[in-house]
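The block underneath contains the structure these notes are about, expressed in structure tokens.
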Protein chains: 4
Amino acid sequence: MQINLRARDLGIPFEGNPGNFNAITDLAGVEVGFCTIIEDSKSGKAEIGKGPVRTGVTAILPRGKDRTFHDFVFAGWFSLNGYGEMTGAHAIEETGFMQGPFMITNTCSVGVVRDAVDQWAVNHGSNMHLATVAETSDIYLNDMEGFHVKPEHAFAAIEGASSSVIPEGNVGGGTGMICYGLKGGTGTSSRIVTIDRHDYTLGVLAQTNHGESHQLMVAGVPVGLELPGELGVSRGIKRHSERERFDKSSIIIVVGTDAPVLPHQLKRIARRASLGLGRTGAISANGSGDIFLAFSTANPGSALKTSEYTTTTLPNRDMDYLFEATVEATEEAIINSLIAAKTMTGFSGTVNALPQDLLIEILRKHGRLKF
Amino acid sequence: MQINLRARDLGIPFEGNPGNFNAITDLAGVEVGFCTIIEDSKSGKAEIGKGPVRTGVTAILPRGKDRTFHDFVFAGWFSLNGYGEMTGAHAIEETGFMQGPFMITNTCSVGVVRDAVDQWAVNHGSNMHLATVAETSDIYLNDMEGFHVKPEHAFAAIEGASSSVIPEGNVGGGTGMICYGLKGGTGTSSRIVTIDRHDYTLGVLAQTNHGESHQLMVAGVPVGLELPGELGVSRGIKRHSERERFDKSSIIIVVGTDAPVLPHQLKRIARRASLGLGRTGAISANGSGDIFLAFSTANPGSALKTSEYTTTTLPNRDMDYLFEATVEATEEAIINSLIAAKTMTGFSGTVNALPQDLLIEILRKHGRLKF
Amino acid sequence: MQINLRARDLGIPFEGNPGNFNAITDLAGVEVGFCTIIEDSKSGKAEIGKGPVRTGVTAILPRGKDRTFHDFVFAGWFSLNGYGEMTGAHAIEETGFMQGPFMITNTCSVGVVRDAVDQWAVNHGSNMHLATVAETSDIYLNDMEGFHVKPEHAFAAIEGASSSVIPEGNVGGGTGMICYGLKGGTGTSSRIVTIDRHDYTLGVLAQTNHGESHQLMVAGVPVGLELPGELGVSRGIKRHSERERFDKSSIIIVVGTDAPVLPHQLKRIARRASLGLGRTGAISANGSGDIFLAFSTANPGSALKTSEYTTTTLPNRDMDYLFEATVEATEEAIINSLIAAKTMTGFSGTVNALPQDLLIEILRKHGRLKF
Amino acid sequence: MQINLRARDLGIPFEGNPGNFNAITDLAGVEVGFCTIIEDSKSGKAEIGKGPVRTGVTAILPRGKDRTFHDFVFAGWFSLNGYGEMTGAHAIEETGFMQGPFMITNTCSVGVVRDAVDQWAVNHGSNMHLATVAETSDIYLNDMEGFHVKPEHAFAAIEGASSSVIPEGNVGGGTGMICYGLKGGTGTSSRIVTIDRHDYTLGVLAQTNHGESHQLMVAGVPVGLELPGELGVSRGIKRHSERERFDKSSIIIVVGTDAPVLPHQLKRIARRASLGLGRTGAISANGSGDIFLAFSTANPGSALKTSEYTTTTLPNRDMDYLFEATVEATEEAIINSLIAAKTMTGFSGTVNALPQDLLIEILRKHGRLKF
């Protein structure tokens, strides 16, 4: 089942060797779920509290529904630009573990999703209390200040999580997002790397909501400069002034791996997402919450130990393979989000999808298509 | 109006020169509000979801209700031990500004309070979206996993904020807290420092919920070792094992000043809270969320500027006076929380107040009382 | 005077508007000096302690020779990968000021250069003691473990500093460096940005010594994949094993601006160097010391103030222009270092320059040449 | 062999259970060496470059002379106030390992000692290049700006290192240091902690050079306020103004343990040194380089691994015992440095030792002596 078009399907070249799904779910045990909320305005026009609603919740469960809330994974994070939110960050930095799942939603709904994760944990016999919830702002397409996300939506994202192919584009937390002025949202990719004859998987999931249209680079080609200027939406929001047009963007990038790396090594991996992001033309604008997290599914049971225990790890020098995979899969996940996303009309207007025929034409002109 | 007994009233010695209220509200413009929630169990026994409820919300508004949500203050933070939560941290680190108020509640209610601040902001014409909410865990005395804090409680704390004397002990977010095995909660103190013939005010508010009873030091005297062993509660919680007894503690310390210091200088001040905390015997246990924030009310309007602007600041060398004041006021705020707090019975049992006659006797024996 | 070929001379496209020299010296007051040390082996063969010597020292003086040692600049730094050294980092992070100049040399000579700066300061009536010295490793081409850099070399770099055109490639600290398997070294670039009708200059100087040849991207084109495989040197070092081949690389990037930005804002700028680096194909390998510093020449005299003073600053939202300039100038400085560097034979063998005719051919094929 | 008086010998009370030597050398394998340099002025008066010289070098070798330069230890650090230097910090943060020994000297000699460690490594077949060297300033008693430390002194400290009793006070890097206005220098202490019936050792070595005399607290008693005011030296330096009197202080604290803790856990331990320091009255002044490092001798061979390997570690909750030991041993090490140090006359005058009879009298008055 191929549920949406991918960048590779168009012949866009990427380095490295992806996994079976070319998705973060290529990692054994990882489950990803989405709750997408799309509703017309109750009043027939864009009105705070009435809609239209174009938002949702994404849940990444590193060890699946059964174990994620008890058997925490090692994690590390990096904030390239912190004009955003990711709860749980202090605890991850301190303890080396991420408690429970990684959730993504819109900016105004971080709180409700956070407490919902706590509630879900209590209901399922976990005593975790420091949930990890990140966000990007869908205030252009969604009635974000109408607070339409409810605990049930977070529960649905968790309960619907699966370990198979991942839908991309306008789904879950990514539903109403804008990437380089075009319709963005959710994107994913993965790499298989071989270290000492051992295969490891590394997967990336990104919620893309950053950048201005002129900045977009695809496969190194400055596509944004060659697209028609009127195609992309500028981030001006009706009731805000022109000067804030750069604000309200963000990109959340989650990197998972089954390579046995420790918390301080996962911070290293998280930082590399910056380099993949840079390849797509990003400058990480002032108003952007560009926060990246990496986790490892290796060393299960570590958080449950009550006395001295052993962990498996990789020598630092072997991390180069994981670094390279992170850069590559981050770039591809971002482009995938643009390829899958469909044109959407919402609260403040319409955001166009990246026109694929035009993209192909530009890349072909630059000799950057594989077929 | 003196609404509760203070440590100084007992003759406990502290260095430095406090302000009029010896409270964070000695800072011009700062308003502090509390919503205290105390309810019996709806089922007549301790039951998750039914109570008893012993919790609340504390709101610190650096520029009062009218301006806090628009005219953000410079801020900086430090996590001595990050087994806790403080939302808004990424944005403060990145931008140098704290958006809106500083809120404190229990661990399971961070989300509802966070979104409520966003809602209050939307309702009052602010477009801030990255609220700062910290927590300590009241799971021993409060039905924390019953999620009894609602948006209205956060609104009430904000709307009831005032710039006068601050109640201490079992109020607001501090209602159900335990400090060194004894009843803790909310405490505050302030200092006036003179730099270059200019008077500056520095105030501290702490929500104290950390430590084991044997660790308590008052005015340098190891009071905890001389108190009866059975007096303090150990942090064992009914459904948790003995091994977790150190966990579930925390202390949140907020330092405000009208001295004109920049974001990177405020991080320096936040780190000094550690030294004041150290004087009371703390070891900053693994399960403790010991997170400190400092803000400056100077340089109003900075966050609203749309072109090059000037800020006032202090030379780094003058910060020693602020550092000293931070250490002193932090120590005193913690002890004040213990002096004001009253014995409380709640979800899992009873937590005793620090017996003042015994405390006085011990301090007198060591020649550490002023009268 | 054009002292070496630049990337733009070949028609390689870069975004943005460079300054007069397209160099960090476009910043008023900034002086840059180089001491290049090239000596044959005293024993006629490669021998530790005897040579050949291919190394040097680079000095960046933010306020020129007269004021840099007294009137410190605001600065901030970021370590994308810290397998390297930059002394002075703690003091910059703490105080917001960089004491004196920024020096770059080889890994084994950080100490001698650091103390030499202290000595130069003492000799010139400054009481600064916490010098900032960074490094990259020239162990392949240089007898690095022979410790050939002496205090006089550091003095010479400082004393020879000038505010005009900057030589690039095999000069100063960059003398023996290897970039993407090809001869690298020193590169620079600048941008003029207009914010609110005010022109600001931002300049970058990089000492490039990172990456493997297959990774090189120029103007978005994966040039490294299209170059002959045998052209680039792998980082194997005679007495080290194959497994360390990725190690011993590094890139130091210094960003200067006359825009009035505060220390916490300079950290933001420093982080953006990552995005420019990413555009050239970097993965920031395990053994790479990828450390970036940003300083502002605005607000002169700030470090000399003895009482409350005012600083000028920019609103955070205006920083997008500086972020964009940083990304662009970083990319161009790195490519400039490759264009200027000449093939060099040294301690362990020969490192080829990037063949310009081949480069032009590849870029032309991809429609990525301006002429 | 008891080579100097210790705080415990006077009856000063400390919590916890020290090791055999009550020193960092209670850790199996750890060797500590000192090179003390005391010379009269060559010109018969205090003159920069001529003396008097009162300085030295301290070397801490976590795995002894034979293995420290090859088999690196896990480490983590914290800067409570970064107005100081500790080279090697970037590499420790990045890789989790400290390369080679931990060295301490005076501020102006960090560079020479750093390169000397590199030289020693090259001479002994190690390819480590990123040495860890910290400093405190002895500019009051020592002709620091005369640069009297040479590579031979660093070699001597390394080569003379032993695993037995450690001299304290005026030795090695601590020779010319001033602590709370009184003669400080080197101090050490240790604790044995039992976790799950397993005994672990934790040791602290401090080079004390911080604080003003009125701030000194011993066993919780504000001794500094009760000492004669004229006893302690203020940090005024002849050619500097009165306003700089707080500057030029520092304290370096090294914590070693054989408990199997990982790099991110060692950062947690390093932060706890702040709490022990706080108990002695410190405010961590602006000009103080208060930098702390923790290392673990467990998991030998980790840095030498070339493929997946296992490490042993402790559950986070067991770290409370190590945290408590760190706080206690830090406090005791600082007081030990004051007890051992002898009155010294040097470059700018005389610094008095803490008068022990007076100290005992004050502590007895407050009921804080054990005998």
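The values are calculated or read from the model by the stated rules, or taken from the named source; none is laboratory data. Not measured: the values here are computed from a predicted model. Note that we place each Cβ from the backbone using ideal geometry, even for glycine, and neighbour counts take in every protein chain shown. To get the accessible areas, we keep the full protein, side chains included, count just its heavy atoms, and leave off ligands, DNA and RNA. Shrake-Rupley method; radii C 1.70, N 1.55, O 1.52, S 1.80 Å.
For segment C:130-142, filtered to residues that are over 13 Å from C:His210 (Cβ atoms) and among the β-branched types (Val, Ile, Thr), the residue that is surrounded by the most Cβ atoms within 10 Å (Cβ to Cβ) is C:Val133. Residues of segment A:304-333 that are open to solvent by 10 Å² or more (accessible area, probe 1.4 Å) and assigned to a strand (DSSP E or B): A:Tyr309, A:Thr310, A:Thr312. Which of the residues belonging to segment C:251-282 are out of contact with any Gly (no Cβ under 6 Å at 6 or more places or on another chain) and open to solvent by 10 Å² or more (accessible area, probe 1.4 Å)? Listed by number, the residues that qualify are C:Asp258, C:Arg271. Of the numbered criteria (1) closer than 30 Å to A:Val223 by Cβ; (2) open to solvent by 10 Å² or more (accessible area, probe 1.4 Å); (3) of a type outside the set (S, T, N, Q); (4) out of contact with any Leu (no Cβ under 9 Å at 6 or more places or on another chain), the one C:Glu159 fails is (1). What do you reckon, is D:Gly176 surrounded by 19 or more Cβ atoms within 10 Å (Cβ to Cβ), assigned to a loop (DSSP other than H, G, I, E, B) and within 14 Å of chain B (Cβ to nearest Cβ)? For D:Gly176, the condition - surrounded by 19 or more Cβ atoms within 10 Å (Cβ to Cβ), assigned to a loop (DSSP other than H, G, I, E, B) and within 14 Å of chain B (Cβ to nearest Cβ) - is not met.
Contact map, segment B:359-371: first residue more than 11 Å from chain D (Cβ to nearest Cβ) and open to solvent by 40 Å² or more (accessible area, probe 1.4 Å), second residue assigned to a helix (DSSP H, G or I) and polar (S, T, N, Q), Cβ cut-off under 6 Å, separation 6 or more or different chains; the map is empty. Taken over segment A:16-43, the residue count meeting the criterion of being open to solvent by 70 Å² or more (accessible area, probe 1.4 Å) and either at pLDDT below 95 or more than 30 Å from A:Leu359 (Cα to Cα) (or both) is 4. No other residue among D:Ser190, D:Ser164 is away from chain C (no Cβ under 14 Å), modelled with pLDDT of 95 or more and over 23 Å from D:Asp40 (Cβ atoms) apart from D:Ser190. D:Thr194 satisfies every condition listed in (1) open to solvent by less than 10 Å² (accessible area, probe 1.4 Å); (2) outside any helix (DSSP H, G or I) except (1).
Select, from C:Glu230, C:Glu244, the only residue that is modelled with pLDDT under 90, touching a Gly at 6+ places or on another chain (Cβ under 8 Å) and at negative phi. The unique qualifying residue is C:Glu244.
Entry remark, segment A:53-87: residues being under 21 Å from D:Asn316 (Cβ atoms) and either more than 7 Å from chain B (Cβ to nearest Cβ) or at pLDDT below 95 (or both) number 13 in total. Residues considered: A:Gly33, A:Gly16, A:Gly29. Of these, the only one that is part of a strand (DSSP E or B) and touching a helix residue (DSSP H, G or I) at 6+ places or on another chain (Cβ under 6 Å) is A:Gly33. Tallying residues that are buried (at least 18 other Cβ atoms within 10 Å of the Cβ), closer than 23 Å to C:Glu47 by Cβ and either of a type in the set (Gly, Ala, Ser) or without any contact (Cβ under 8 Å) to a residue 24 or more places away in the chain (or both) within segment C:339-358 yields 2. All of (1) buried (at least 24 other Cβ atoms within 10 Å of the Cβ); (2) part of a helix (DSSP H, G or I); (3) aromatic (Phe, Trp, Tyr) hold for C:Trp120 with one exception: (1). Residues of segment C:70-106 that are surrounded by fewer than 24 Cβ atoms within 10 Å (Cβ to Cβ) and outside any strand (DSSP E or B): C:His70, C:Asp71, C:His90, C:Glu93. In summary, C:Glu145 fulfils each of the numbered conditions (1) more than 10 Å from chain D (Cβ to nearest Cβ); (2) surrounded by fewer than 23 Cβ atoms within 10 Å (Cβ to Cβ) with the single exception of condition (1).
Yes or no: A:Val254 at pLDDT 70 or above, touching a Leu at 6+ places or on another chain (Cβ under 7 Å) and more than 9 Å from every other protein chain (Cβ to nearest Cβ)? Spelling it out, A:Val254 is indeed at pLDDT 70 or above, touching a Leu at 6+ places or on another chain (Cβ under 7 Å) and more than 9 Å from every other protein chain (Cβ to nearest Cβ). For C:Ala298, indicate whether it is more than 10 Å from chain A (Cβ to nearest Cβ), outside any helix (DSSP H, G or I), over 15 Å from the mean Cα position of the chain (by Cα) and in contact (Cβ under 8 Å) with a residue 12 or more places away in the chain. Spelling it out, C:Ala298 is indeed more than 10 Å from chain A (Cβ to nearest Cβ), outside any helix (DSSP H, G or I), over 15 Å from the mean Cα position of the chain (by Cα) and in contact (Cβ under 8 Å) with a residue 12 or more places away in the chain. Of all residues in segment B:75-112, those being of a type outside the set (S, T, N, Q), more than 17 Å from A:Gly84 (Cα to Cα) and more than 15 Å from the chain's Cα centre (by Cα) number 4. Can you pull out every residue in segment C:200-214 that is open to solvent by less than 20 Å² (accessible area, probe 1.4 Å) and not in a loop (DSSP other than H, G, I, E, B)? Across segment C:200-214, the qualifying residues are C:Tyr200, C:Thr201, C:Leu202, C:Gly203, C:Val204, C:Leu205, C:Ala206, C:Gln207, C:Thr208, C:Asn209.
Of the residues screened, B:Ile283 is not one that is touching a strand residue (DSSP E or B) at 6+ places or on another chain (Cβ under 9 Å) and either assigned to a loop (DSSP other than H, G, I, E, B) or facing another protein chain (nearest Cβ under 7 Å) (or both). The set of residues in segment D:36-64 being of a type in the set (Gly, Ala, Ser), assigned to a strand (DSSP E or B) and out of contact with any helix residue (DSSP H, G or I) (no Cβ under 6 Å at 6 or more places or on another chain) consists of D:Gly51 alone.
Being in contact (Cβ under 8 Å) with a residue 12 or more places away in the chain and within 14 Å of chain A (Cβ to nearest Cβ) is the filter; apply it to segment D:193-204 and report the residue that is farthest from the chain's Cα centre (by Cα). Only one residue tops the list, namely D:Asp196.
Residues in segment B:44-63 that are surrounded by fewer than 24 Cβ atoms within 10 Å (Cβ to Cβ) and within 20 Å of the chain's Cα centre (by Cα): B:Arg63 alone.
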